[in-house]
Amino acid sequence: MTAAETSVFQSAFRPGLPPPAPRFTGLPRYNFVYGHNDPSQVPAHELADAASAVLNANGHLLGMYNLGQGPQGHKGLREFVAAKLGTRSGIPCTADDVLLTSGSLQGMDLVNGVLVGPGDTVILEEFTYGGAISKVQRLGAKVVAAPLDGDGIRMDALRRILERLRGEGVTPKYIYTIPTVQNPTGTIMPLARRHELLNLSREFGVPIFEDECYADLVWEGSRPPALYALDPAQVVHIGSFSKSLAPALRIGYLVAQWPVLSQIIGTKTDAGSGALEQMVVAEYLRDNFDTHVTELTATLHGKLETIVDALAQEFGTAVEMFVPKGGIFLWLKLPDHVDVRTFAQAALQQGLAFNPGPEWACDPEAAKSHIRLCFALPTKEDIRAGVAELARISFEHTGVPERSANRARA
Ligand SMILES: Cc1ncc(COP(=O)(O)O)c(C=O)c1O
């Protein structure tokens, strides 16, 4: 028996907990998992200057919870978020509509906390952020998968789902969507479809939970207005600086109309998210966000080109790639008979980490041949070497790909 199993806590743990976390044993050599950013793009020196400036000017404010600026967080950063959402996402809002959170993951917990309980039903995109699936499953909610195509949720299918649920007397708690650079498929929902989605939301009385984690990293620069911009009464909106600046900062935000926001603030019991990072980021972003995001997006796009090229070289026609319209992930599919779970663990043991599709799908079997690769963290050299490793390990376990760089594998 381990020390934990004999400890006084073992019998005190409440039932239904997730499995305990494994100990961290270091990062894999080729790391294509999670949503890490490109370390070379973190503006470390500029953030250091910003930290020095804000601490010298306003460091004394740290003597008060929330800097004395109320439970929604740093006023200047909320003003920046409101202005950014106005210009980039078409959302007319003010600092009073914004709640700063410890990453958008906390935003998800807060939204789930006021809406979802055991036995409730939520609608998620058939392939979606793994964290969104596990969070509602842990709450004991039932997940219904909304089919996707190249423009996001299919409205004909969503209508059928909503009608079926209505027939069963079920009103889902929300429809969770990542409309702008969907995770993992990388699509952007066009404007007309956003209107259709909102029409269905109104017709069936189901709120929309909009997650715009990647919306500032669009290759084309502009994107359709956020769902929240089109009908704020139907939508709660979350976003993050994890992907547009740095994930370890843990700064996210939630935007909602006051009846919803006030309910959510009432459940945020952490006495405020980290204020020093909010001060520093507000100072840095005020004059630098647009330039920073333009450079970051160009760098990420360059890495996408590298990974697409490497996959084409190593896998040839054995891989179907869903080339994203922005962001940091490439979703891909191997032939139907390949189950990527058969070699994910072996790959990890050999220093290569990727996200098996089943972890990013409401129905794991539906994505058994899919893989999600995050291309932001590795260098271009590591992307090429890592994809070559992936092809080697995949071939060893599944016989796919038969050919790499136009040569048969033996
Ligand atoms: C769609 C989506 N939402 C939310 C998050 C959580 O991000 P954070 O808590 O770092 O803001 C992620 C992280 O990868 C994500 O992909």
**Request:** Filter the stretch 353-385 for residues that are in contact with a Leu (Cβ under 6 Å, 6 or more places away or on another chain) and not in a loop (DSSP other than H, G, I, E, B) and give the result.
**Result:** Ile371, Leu373
**Message:** From the list Gly86, Gly70, exactly one residue is over 15 Å from Arg250 (Cα atoms), modelled with pLDDT of 95 or more and either within 16 Å of the ligand (Cβ to nearest atom) or assigned to a loop (DSSP other than H, G, I, E, B) (or both). Which is it?
**Reply:** Gly70
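Please work out if Glu125 is within 13 Å of the ligand (Cβ to nearest atom), closer than 25 Å to Ser222 by Cβ and not polar (S, T, N, Q). Walk me through how you get there before you give the answer.
Details: within 13 Å of the ligand (Cβ to nearest atom): yes; closer than 25 Å to Ser222 by Cβ: yes; not polar (S, T, N, Q): yes.
Yes.
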**Request:** Return the pairs, sorted by first residue and then second, in which the second residue is among the polar types (S, T, N, Q), the first residue lies in the stretch 287-308 and is at pLDDT 95 or above, the beta carbons are less than 6 Å apart, and the residues are 6+ apart or on different chains.
**Result:** Val293/Ser244; Leu296/Gln41; Thr299/Gln41
**Item:** Number of the exception - Pro259 against (1) over 24 Å from Glu295 (Cβ atoms); (2) within 14 Å of the ligand (Cβ to nearest atom); (3) free of Cβ contacts under 8 Å to residues at least 24 places away in the same chain
**Value:** (2)
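Would you mention how many residues in the stretch 356-386 are hydrophobic (A, V, I, L, M, F, W, C) and over 16 Å from Thr128 (Cβ atoms)? Break it down into steps so the answer makes sense when it comes.
Just the residues of the stretch 356-386 that are hydrophobic (A, V, I, L, M, F, W, C), to begin with: 360-362, 366-367, 371, 373-377, 383, 385.
Now narrow it down to the ones that are over 16 Å from Thr128 (Cβ atoms): 373, 375-377, 383, 385.
Summing the residues that are hydrophobic (A, V, I, L, M, F, W, C) and over 16 Å from Thr128 (Cβ atoms) in the stretch 356-386 gives 6.
Yes/no per residue for (1) free of Cβ contacts under 8 Å to residues at least 60 places away in the same chain; (2) surrounded by fewer than 18 Cβ atoms within 10 Å (Cβ to Cβ):
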{"position": "Val8", "(1), (2)": "yes, yes"}
{"position": "Ala12", "(1), (2)": "yes, yes"}
{"position": "Phe32", "(1), (2)": "no, no"}
{"position": "Val42", "(1), (2)": "no, yes"}
{"position": "Ala48", "(1), (2)": "yes, yes"}
{"position": "Ala57", "(1), (2)": "yes, yes"}
{"position": "Met64", "(1), (2)": "yes, yes"}
**Prompt:** Which one of these does Gly272 not meet: (1) touching a strand residue (DSSP E or B) at 6+ places or on another chain (Cβ under 8 Å); (2) crowded, with 19+ Cβ neighbours inside 10 Å?
**Reply:** (1)
**Message:** Checking Met279 against (1) loosely packed, with under 14 Cβ neighbours inside 10 Å; (2) closer than 22 Å to Gly70 by Cβ, only one condition comes out false. Which one?
**Reply:** (1)
**Fill in**
Note on the stretch 29-61: residues of a type outside the set (S, T, N, Q), closer than 27 Å to Leu348 by Cα and away from the ligand (no atom under 16 Å from the Cβ) are Arg29, Tyr30
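Among the residues of the stretch 109-122, count how many are among the polar types (S, T, N, Q) and more than 16 Å from the ligand (Cβ to nearest atom).
Of the residues in the stretch 109-122, the ones among the polar types (S, T, N, Q) are 112, 121.
Still in the running and more than 16 Å from the ligand (Cβ to nearest atom): 121.
Residues flagged as among the polar types (S, T, N, Q) and more than 16 Å from the ligand (Cβ to nearest atom) within the stretch 109-122 amount to 1.
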**Asked** Pairs under 8 Å by beta carbon, first residue within 16 Å of Leu67 (Cα to Cα) and within 11 Å of the ligand (Cβ to nearest atom) in the stretch 94-108, partner part of a loop (DSSP other than H, G, I, E, B) and basic (Lys, Arg), six or more apart or different chains?
**Response** Thr101/Lys268; Ser102/Arg250
**Residues of the stretch 233-243 classified as surrounded by 24 or more Cβ atoms within 10 Å (Cβ to Cβ) and more than 9 Å from the ligand (Cβ to nearest atom), total** = 3
**Asked** What tally of residues in the stretch 196-232 results from selecting those that are away from the ligand (no atom under 16 Å from the Cβ) and part of a helix (DSSP H, G or I)?
**Response** 12
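Could you tell me whether the stretch 26-46 includes any residue that is acidic (Asp, Glu), modelled with pLDDT of 95 or more and in contact with a Phe, Trp or Tyr (Cβ under 8 Å, 6 or more places away or on another chain)?
Applying the first criterion (acidic (Asp, Glu)) to the stretch 26-46 yields 38, 46.
Those left that are additionally modelled with pLDDT of 95 or more: 38, 46.
Among the residues that remain, those that are also in contact with a Phe, Trp or Tyr (Cβ under 8 Å, 6 or more places away or on another chain) are: 46.
For the stretch 26-46, residues acidic (Asp, Glu), modelled with pLDDT of 95 or more and in contact with a Phe, Trp or Tyr (Cβ under 8 Å, 6 or more places away or on another chain): present.
Quick check on this structure: which one of Ala145, Ala192, Ala215 is out of contact with any His (no Cβ under 8 Å at 6 or more places or on another chain) and within 30 Å of Pro15 (Cβ to Cβ)? Even if it seems obvious, please write down each step before you answer.
Numbers: Ala192 fails: within 30 Å of Pro15 (Cβ to Cβ); Ala215 fails: within 30 Å of Pro15 (Cβ to Cβ).
Selected residue: Ala145, the only one of Ala145, Ala192, Ala215 that is out of contact with any His (no Cβ under 8 Å at 6 or more places or on another chain) and within 30 Å of Pro15 (Cβ to Cβ).
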**Asked** Looking at the stretch 149-163, which of its residues are out of contact with any helix residue (DSSP H, G or I) (no Cβ under 9 Å at 6 or more places or on another chain) and closer than 22 Å to Asn112 by Cβ?
**Response** Ile161
**Item:** Among the residues listed as Thr306, Thr291, the single one being within 21 Å of Lys325 (Cβ to Cβ) and in a helix (DSSP H, G or I)
**Value:** Thr306
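The values are calculated or read from the model by the stated rules, or taken from the named source; none is laboratory data. The model shown is predicted, which means the values in this text are computed figures rather than measured ones. Please note: Cβ atoms are built from the backbone with ideal geometry, for glycine as well, and neighbour counts cover all protein chains shown.
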